[in-house]
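Visitor: Structure provided below as structure tokens; questions to follow.
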Amino acid sequence: MPYYGDISGDFRNLLNEDCEVVVVAVVGGTHHDCYRCPKRAVRNAPQMDEAKWYDMKTVEKRRFMECLGENSPPLEFGYAVFELDDFTNLRSHYKLFQDVSFPPIWDIAIRGIAYTEILYELSGDTNIEFYPDQFRSGVQTDKLCEVIENRLKKAEIECVSSEQVDGVQAADCLAGAVAEEQKGGTPWLEHTNAESQIAECSSWTLIELERLLVS
């Protein structure tokens, strides 16, 4: 089964206190199943070429989250959410401010780790296809794919854009929904009626990051 990934926020901005929260999200299902919810969300918004959480109105956001719940299963989804304190409480966290490379550079590494921890929770180390959203930089994109490939030996990885692969839009919207809720906004996960089925992998990701920091 294919899985799709995206991120809300920026890890470097989080350390600089220019960002409140970062969320990494994954949605899994057939191409048709994953695209159904973004398509439904914006079907009455002809001005939108694709579903992006922060461009959507409240009714469109609610429509998306309800669709996730209605289609779970077969849809699977999970996320990892981070605030500044999560990093500053880690041992050797000062290395993050030194722009440490493990390799690769830490913010690419943490994104890759978060993706793989969510995928482990959802599917185990099985033969899956995973399509994370790409960086603007080709070099950074290659590094991200490398991190994931090194951790998921049986997976087929291809970094793509949401314009190329529609399923990434579902991950974008889930990441945005979790981030908005974390910042005190609408409790969007309640609209899925599937909270118990959502994999939450923040702690495992931070444990792995700390292991790299102190090694």
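The values are calculated or read from the model by the stated rules, or taken from the named source; none is laboratory data. Keep in mind it's a predicted model, so treat the numbers as computed, not measured. When we count neighbours, we look across all protein chains shown, and the Cβ atoms used for this are built from the backbone with ideal geometry, even at glycine. The accessibility values were calculated without ligands, DNA or RNA, using every heavy atom of the protein model including side chains. Shrake-Rupley method; radii C 1.70, N 1.55, O 1.52, S 1.80 Å.
Visitor: Return the pairs, sorted by first residue and then second, in which the second residue is open to solvent by 10 Å² or more (accessible area, probe 1.4 Å) and in a helix (DSSP H, G or I), the first residue lies in segment 165-189 and is more than 21 Å from Pro132 (Cα to Cα) and without any contact (Cβ under 8 Å) to a residue 12 or more places away in the chain, the beta carbons are less than 6 Å apart, and the residues are 6+ apart or on different chains.
Guide: Within 6 Å, the pairs are Pro187/Glu181.
Visitor: Related question: Looking at segment 106-125, I want the residues that are more than 16 Å from Pro2 (Cα to Cα) and have a partner that is of a type in the set (Lys, Arg) and open to solvent by 10 Å² or more (accessible area, probe 1.4 Å) with Cβ atoms under 8 Å, at least 6 apart or on another chain. Which pairs are those?
Guide: The qualifying pairs are Trp106/Lys95; Asp107/Arg12; Ile108/Lys143; Gly112/Arg151; Ile113/Arg151.
Visitor: Here's a follow-up. Looking only at segment 48-81, count every residue that is touching a Gly at 6+ places or on another chain (Cβ under 6 Å) and either buried (at least 19 other Cβ atoms within 10 Å of the Cβ) or without any contact (Cβ under 8 Å) to a residue 12 or more places away in the chain (or both) and tell me the total.
Guide: The qualifying residues number 3.
Visitor: How many residues does segment 68-97 contain that are part of a helix (DSSP H, G or I) and either among the aliphatic types (A, V, I, L, M) or at pLDDT 90 or above (or both)?
Guide: Just the residues of segment 68-97 that are part of a helix (DSSP H, G or I), to begin with: 68-70, 84-88, 94-97.
After this cut, where a residue has to be either among the aliphatic types (A, V, I, L, M) or at pLDDT 90 or above (or both) as well, the list is 68, 84-88, 94-97.
Matching residues across segment 68-97 total 10.
Visitor: Would you mind stating whether Ala45 is in contact with a Lys or Arg (Cβ under 9 Å, 6 or more places away or on another chain), open to solvent by less than 70 Å² (accessible area, probe 1.4 Å) and at pLDDT below 85? Before you say what the answer is, go through the steps one by one.
Guide: On the way: in contact with a Lys or Arg (Cβ under 9 Å, 6 or more places away or on another chain): yes; open to solvent by less than 70 Å² (accessible area, probe 1.4 Å): yes; at pLDDT below 85: yes.
Judged against the criteria, Ala45 is a match.
Visitor: Restricting segment 18-33 to residues that are under 19 Å from Glu180 (Cβ atoms) and of a type in the set (D, E, K, R), which is surrounded by the most Cβ atoms within 10 Å (Cβ to Cβ)? Give the derivation first.
Guide: So in segment 18-33, the residues under 19 Å from Glu180 (Cβ atoms) come out as 18-27.
Those left that are additionally of a type in the set (D, E, K, R): 18, 20.
Details: Asp18: 10, Glu20: 14.
Per the stated criteria, the residue is Glu20.
Visitor: Limited to segment 1-52, what total is found for residues that are of a type in the set (Gly, Ala, Ser), farther than 15 Å from Glu76 by Cα and either touching a Leu at 6+ places or on another chain (Cβ under 6 Å) or in a helix (DSSP H, G or I) (or both)? Even if it seems obvious, please write down each step before you answer.
Guide: First, the residues of segment 1-52 that are of a type in the set (Gly, Ala, Ser): 5, 8-9, 25, 28-29, 41, 45, 51.
Then drop every residue that is not farther than 15 Å from Glu76 by Cα, which leaves 8-9, 41, 45, 51.
Restricting the remaining residues to those that are either touching a Leu at 6+ places or on another chain (Cβ under 6 Å) or in a helix (DSSP H, G or I) (or both) gives 41.
Count: 1.
Visitor: Something else: Would you be able to tell me the number of residues in segment 82-126 that are of a type in the set (Val, Ile, Thr) and open to solvent by 20 Å² or more (accessible area, probe 1.4 Å)?
Guide: Let us first name the residues in segment 82-126 that are of a type in the set (Val, Ile, Thr), namely 88, 100, 105, 108, 110, 113, 116, 118, 126.
Of the ones still in play, those that are also open to solvent by 20 Å² or more (accessible area, probe 1.4 Å) are 88, 100, 105, 126.
Going through segment 82-126 one residue at a time, the tally reaches 4.
Visitor: Report, by residue number, each residue of segment 174-190 that is out of contact with any Ser or Thr (no Cβ under 8 Å at 6 or more places or on another chain), in a helix (DSSP H, G or I) and open to solvent by 10 Å² or more (accessible area, probe 1.4 Å).
Guide: Taking segment 174-190 as the starting set, the residues that turn out to be out of contact with any Ser or Thr (no Cβ under 8 Å at 6 or more places or on another chain) are 174, 177, 181-185, 187-190.
Subset that is in a helix (DSSP H, G or I): 174, 177, 181-182, 188-190.
Of everything in segment 174-190, those that are out of contact with any Ser or Thr (no Cβ under 8 Å at 6 or more places or on another chain), in a helix (DSSP H, G or I) and open to solvent by 10 Å² or more (accessible area, probe 1.4 Å) turn out to be Glu181, Gln182, Leu189, Glu190.
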